[in-house]
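What follows is one structure encoded as structure tokens, with my remarks underneath.
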Amino acid sequence: MRVVFMGTPDFAVPTLARLAQDGHDIVAVYTRAPAKAGRGMSLRPSPVHALAETLGVPVLTPATLRTPEAAETFAAHRADVAVVVAYGMLLPQAILDAPKHGCLNLHGSLLPRWRGAAPIQRAVMAGDAESGVGVMRMEAGLDTGPVALEARIPIAPGMIAGELHDALMPLGADLMAQALVRLDACTLTFTPQPEDGVVYAHKITNDEARIDWSRSAGEIANRINGLSPFPGAFFEVDLGKGPERVKVLRAAPAEGAGTPGTLCDTDCTVACGDGAVQLMELRRAGKGGSASGAEFVRGARLTPGARLG
């Protein structure tokens, strides 16, 4: 099939690679423009951009798709279908209508739960027992289109968002590959999303990353794991040179009690509003590597009773 691929981050890379491997004619790749990154703040192409160049596929990075010129350029690809995976830009109706079979989106949740920008992180933050990926036909609304295929995966206790993300990537690539086979054979069918159970996965804000020790141990552990590895939940503590930010990359509920935010033991168990949470992996600001809870407590020379802010 003639395919226009639209995607930007690592999550989209396996799907583009799989469609190329399956022999589809990738006529163009749309992705976000290169952004400044690294210490030198040099322009760095997106992961999808980098793969597209390796594949020899033309790459377009328009700032907007809401102009007649953008619509004309898109229609000129004469695509059978557009495949959209975490592109990062809403598609206007003219774009949605241009391909012969419309636009198919690979979404990282079990719709209608977690429509929106951060479905993987929100699923872990909420303590969901399972997640998955789905292929839907795109509409003008935010992730409202009918769903054709789904694949499910359990969220294991202690799984962080980064691990769920990595597990869903190949699952999604396989699912989209199946969808295009069925689409080409005219056997791909769609089911409208139910009206009940709609939940929105709003973009993660910086305010959510600071740990609120007054919450329950389960809530805190889920938030820490859901924000790992990025942006990373954090607390502040004075380690001798004033308040220092420390990111927590993995946590689990644990036995313990006390004033919320108080260190309970040398294994980095911290009292919460209800119960306690063990901080299992941490990273100090400006440090390259991470440390276990016990290593952090020992290195920071903290003792039980210390307060974490």
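Read-outs throughout are calculated quantities, based only on the coordinates presented, and are distinct from any laboratory measurement. Note that this is a predicted model, so its numbers are computed, not measured. Cβ: placed from backbone, ideal geometry, glycine included. Neighbour counts: every protein chain shown.
In a DSSP loop and with at most 13 other Cβ atoms within 10 Å, the trypsin sites (Lys or Arg not before Pro) in segment 232-297 are 241, 287.
Helices assigned as whole DSSP H runs in the chain whose Cα atoms extend at least 15 Å along their own long axis and whose mean Kyte-Doolittle hydropathy is -1.0 or higher are found at 161-184.
Find how much the distance from residue 184 to residue 210 grows on full extension, using 0.36 nm per residue of separation minus their present alpha carbon separation; answer in nm with one decimal.
Values: separation 26, 0.36 × 26 = 9.36 nm, distance 4.81 nm.
In short, 4.6 nm is gained.
Given axes a ≥ b ≥ c from the Cα gyration tensor, I'd like to know whether segment 1-120 is rounded (a/c under 1.5), prolate (a/b larger than b/c) or oblate. Rounded, because the longest to shortest axis ratio a/c is under 1.5. Ignoring lysines fewer than eight residues from residue 287 along the same chain, the ones with Cα atoms less than 29 angstrom from its Cα are 36, 203, 241, 247.
Per residue of segment 189-201, in order, report the coupling 6.51 cos²θ - 1.76 cosθ + 1.60 (Karplus, θ = phi - 60°) as ³J(HN,Hα) in whole Hz, putting x for Gly and Pro. Result, ordered by residue: 10, 10, 10, x, 5, x, 6, 7, x, 6, 9, 9, 9 Hz.
Using R0 = 25 Å, the C-beta based FRET efficiency linking residue 259 and residue 292 works out to 0.55.
Simple point charges give the picture: +1 on the Cβ of Lys and Arg, -1 on the Cβ of Asp and Glu, and for segment 49-113 a dipole about the Cα centre of about 220 debye. Starting from the Cα gyration tensor of the chain, take the square roots of the eigenvalues, sort them a ≥ b ≥ c, and report rounded, prolate or oblate (rounded when a/c is under 1.5, otherwise prolate if a/b is larger than b/c, else oblate). Prolate, since a/c reaches 1.5 and a/b exceeds b/c. Taking every DSSP bridge with both residues inside segment 194-309, close to 90 percent are antiparallel. Mean residue ellipticity at 222 nm from the helices of the chain, using -39,500 (n - 2.57) per DSSP H segment of n ≥ 4 over the full residue count, to the nearest 500 deg cm²/dmol? Value at 222 nm, helices only, nearest 500: -7500 deg cm²/dmol. Each Lys and Arg Cβ is given +1 and each Asp and Glu Cβ -1; about its Cα centre, the chain then shows a dipole of about 900 debye. For trypsin sites (Lys or Arg not before Pro), the sites in segment 1-40 that DSSP calls loop and that have at most 14 other Cβ atoms within 10 Å are 39.
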